[in-house]
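What follows is a single structure, written as structure tokens, with notes after it.
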Amino acid sequence: MSELLETPLHDLHVRLGAKMVPFAGYSMPVQYPLGVMKEHVHTREKAGLFDVSHMGQVKVSGAGAAQALERLIPVDIIGLGVDRQRYGMFTNDQGGIMDDLMLANRGDHIFVVVNAACKGADIAHMKTHLEPEVTVTEITDRALLALQGPASEAVLSALDPKAAEMTFMDVATLSLNGFECWVSRSGYTGEDGYEISVPNIDAEALALALLEHNDVEAIGLGARDSLRLEGGLCLYGHDIDTSTTPVEGALTWAIQKVRRTGGARAGGFPGTDVIAAQMEQGAPRKRVGLLPEGRAPMREGVELFATPEAKTSIGTITSGGFGPTVGGPVAMGLISTDHSAIGTTIYGELRGKRLPLTITKLPFTPANFKR
Amino acid sequence: MKYTEEHEWLRVEDDGVVIGITEHATEQLGDIVFVELPEVGTTVTKDDEIVVIESVKAASDILAPIDGEIIEVNEALGENPALANEDAIGAGWFVKIEPSDASQMDDYMDEAGYKKFIA
């Protein structure tokens, strides 16, 4: 096995008593002594600090950066205002999702944050298709922290009052603890909060300054997963991957009108034909929220059936587990569109038994963003 | 008390053997959110899956450490699975088995042996 990479906060995680696990080639904290359940609840009630430095941070610069990225991403990037952020994805020629990502217009460049497991491929993909017309630069001298939860604004604005002026999906350069940080008011927990790109050498000092606050606890990947699942947010490689299109992934909201059929800049991204056709006629399957009726969690891989007796599966659970805020099991799955109406009861096969689940609107916990 | 390498504990009472998992095991599993118990009256053979535990992380099976009949299950775990975390060797017990061959217990570790095993 090859050596695991470490983030600039690795030593701090170990000092805080984290249980470290391999994740996307990195040694990452899955939980701290508080435990997954309490870490989850703390984030929803106060604020949690996450190390997401394993994710890829990329600068795309040059006069035509937004136009160029629109050739790979089915999102309105030209229309993204300065200091604003937006969700998107790279698609392949079959319309499948190569990765999902965040795009921020930072004035003289587009700042892209991509998943750790895909970052090498994403950067190569951008360089191959976009250079030399624009410059694609991986940022390796910065860590990425996420501060999430209702107390985040009070915590961060104590370090720089400008943090309080930002609203959901705004980006700004803040001075936190004297360090130049690139901050967005976003995250991946369904809570209000911020993502903070901070120079590697300042990352631990900033993390300690944030953790000093009574309302802030360090939170591991375990709770990050249950928080995003309750928030109805996709995990790349599980809920969506190269075999799912944005339509199947229930992500058409991320494709603005201007990029859809009839829009001024319709299509022009890989897989346009497949995605445009599915947006008109529907896709054969769709990502939905699933609420198991009993207490037993149903996890990734559980097969789904229309009835307790049906021979043929109608889909599969793609993410599932216990939702501490919901107080019971929650899941998401890809199922045949014919069976995907909200309120439909379907059955998951767990340890040889067919147990009922209800197709449920996402998110499971209401989003708590500052609009 | 006796202990297995699967981190189960066995406590002999007048009418049967009470079985649970150790604190060491619950610490490794993390927060337990669901416990599926067998039916009272089930006859079990050593190494049969008798209990399913779901923690926030994963599902794990508890295997019968001895042959016998399930004579009691801890219904309280259905309502409050966290009991297994809070009081692993007390209120967090899983099942009581009436052993058909009590000598199977002899194979297992005593407390000192188990402590050495997990050290």
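The values are calculated or read from the model by the stated rules, or taken from the named source; none is laboratory data. Note that this is a predicted model, so its numbers are computed, not measured. When we count neighbours, we look across all protein chains shown, and the Cβ atoms used for this are built from the backbone with ideal geometry, even at glycine. Accessible surface areas use protein heavy atoms only, side chains included; no ligands, DNA or RNA. Shrake-Rupley method; radii C 1.70, N 1.55, O 1.52, S 1.80 Å.
For B:Tyr114, the conditions (1) within 12 Å of another protein chain (Cβ to nearest Cβ); (2) touching a Ser or Thr at 6+ places or on another chain (Cβ under 9 Å); (3) in a helix (DSSP H, G or I) are fulfilled apart from (1).
Consider region B:38-66 and keep the residues that are closer than 14 Å to B:Pro99 by Cβ and either hydrophobic (A, V, I, L, M, F, W, C) or surrounded by 21 or more Cβ atoms within 10 Å (Cβ to Cβ) (or both). The one that is nearest to the other protein chains (Cβ to nearest Cβ) is B:Ile50. Inspect all residues belonging to region B:81-88 and state whether any of them is at pLDDT 95 or above and farther than 30 Å from A:Leu229 by Cβ. Among the residues of region B:81-88, not one is at pLDDT 95 or above and farther than 30 Å from A:Leu229 by Cβ, which makes the answer no. If you go through region A:316-361 and keep only what is without any contact (Cβ under 8 Å) to a residue 60 or more places away in the chain, more than 23 Å from the chain's Cα centre (by Cα), under 26 Å from B:Ala82 (Cα atoms) and outside any loop (DSSP other than H, G, I, E, B), you end up with A:Gly348, A:Glu349, A:Leu350, A:Lys353, A:Arg354. Among residues of region A:204-222 that are in the same structural domain as A:Met20 (by TED's automatic domain parsing) and of a type outside the set (A, V, I, L, M), those with a Cβ under 8 angstrom from a residue that is in a loop (DSSP other than H, G, I, E, B) and surrounded by fewer than 15 Cβ atoms within 10 Å (Cβ to Cβ), sequence gap 6+ or separate chain, pair up as A:His213/A:Ala158.
When the criteria are applied in full, B:Glu79 fails the requirement of being closer than 23 Å to A:Ala223 by Cβ, of a type in the set (Asp, Glu) and open to solvent by 30 Å² or more (accessible area, probe 1.4 Å). Take the residues in region A:260-296 that are within 14 Å of chain B (Cβ to nearest Cβ) and out of contact with any Lys or Arg (no Cβ under 9 Å at 6 or more places or on another chain); name whichever of them is nearest to A:His339 (Cα to Cα). Filtering region A:260-296 for residues that are within 14 Å of chain B (Cβ to nearest Cβ) and out of contact with any Lys or Arg (no Cβ under 9 Å at 6 or more places or on another chain), the one nearest to A:His339 (Cα to Cα) comes out as A:Pro292.
Pick from region A:31-44 the residues that are more than 8 Å from chain B (Cβ to nearest Cβ) and among the β-branched types (Val, Ile, Thr): which of them is most open to solvent (accessible area, probe 1.4 Å)? The qualifying residue most open to solvent (accessible area, probe 1.4 Å) is A:Val41. Each residue in region B:1-28 was checked for being outside any strand (DSSP E or B) and β-branched (Val, Ile, Thr), and 3 pass.
Kindly indicate whether any position in region B:5-16 is within 14 Å of chain A (Cβ to nearest Cβ) and either open to solvent by 10 Å² or more (accessible area, probe 1.4 Å) or at pLDDT below 95 (or both).
No, region B:5-16 contains no residue that is within 14 Å of chain A (Cβ to nearest Cβ) and either open to solvent by 10 Å² or more (accessible area, probe 1.4 Å) or at pLDDT below 95 (or both).
Taking region A:227-255 as the range and being open to solvent by 40 Å² or more (accessible area, probe 1.4 Å), within 21 Å of A:Arg86 (Cβ to Cβ) and part of a loop (DSSP other than H, G, I, E, B) as the test, the residues that pass are A:Leu233, A:Leu235.
Of all residues in region A:297-327, those satisfying the criterion of being open to solvent by 10 Å² or more (accessible area, probe 1.4 Å), small (Gly, Ala, Ser) and within 13 Å of chain B (Cβ to nearest Cβ) are A:Gly301, A:Gly320, A:Gly327.
Is it the case that region A:357-364 has a residue that's surrounded by 14 or more Cβ atoms within 10 Å (Cβ to Cβ) and within 14 Å of chain B (Cβ to nearest Cβ)?
If we filter region A:357-364 for residues that are surrounded by 14 or more Cβ atoms within 10 Å (Cβ to Cβ), which is where we start, we get A:357-360, A:362-364.
Checking the rest, the ones that are also within 14 Å of chain B (Cβ to nearest Cβ) come to none.
Checked region A:357-364: no residue is surrounded by 14 or more Cβ atoms within 10 Å (Cβ to Cβ) and within 14 Å of chain B (Cβ to nearest Cβ).
Every condition in (1) in contact (Cβ under 8 Å) with a residue 24 or more places away in the chain; (2) in a loop (DSSP other than H, G, I, E, B); (3) out of contact with any Gly (no Cβ under 9 Å at 6 or more places or on another chain) is met by B:Lys57 except one, and the failing one is (3). Being more than 29 Å from A:Leu34 (Cβ to Cβ) and either open to solvent by 50 Å² or more (accessible area, probe 1.4 Å) or among the hydroxyl-bearing types (Ser, Thr, Tyr) (or both) is the requirement here; does B:Lys96 meet it? For B:Lys96, the condition - more than 29 Å from A:Leu34 (Cβ to Cβ) and either open to solvent by 50 Å² or more (accessible area, probe 1.4 Å) or among the hydroxyl-bearing types (Ser, Thr, Tyr) (or both) - is not met.
Criterion applied to A:Thr135, A:Thr91 was being open to solvent by 50 Å² or more (accessible area, probe 1.4 Å), at pLDDT 95 or above and of a type in the set (Ser, Thr, Tyr), and the one residue passing it is A:Thr135.
Of all the numbered requirements in (1) open to solvent by 30 Å² or more (accessible area, probe 1.4 Å); (2) over 12 Å from the mean Cα position of the chain (by Cα); (3) more than 14 Å from every other protein chain (Cβ to nearest Cβ), B:Gln28 misses one, and that requirement is (3). Of A:Val113, A:Val75, all but one fail to be closer than 23 Å to A:Pro199 by Cβ and in contact with a strand residue (DSSP E or B) (Cβ under 6 Å, 6 or more places away or on another chain); the exception is A:Val113. Selection of region A:144-197 for residues being basic (Lys, Arg) and buried (at least 20 other Cβ atoms within 10 Å of the Cβ) yields only A:Arg185.
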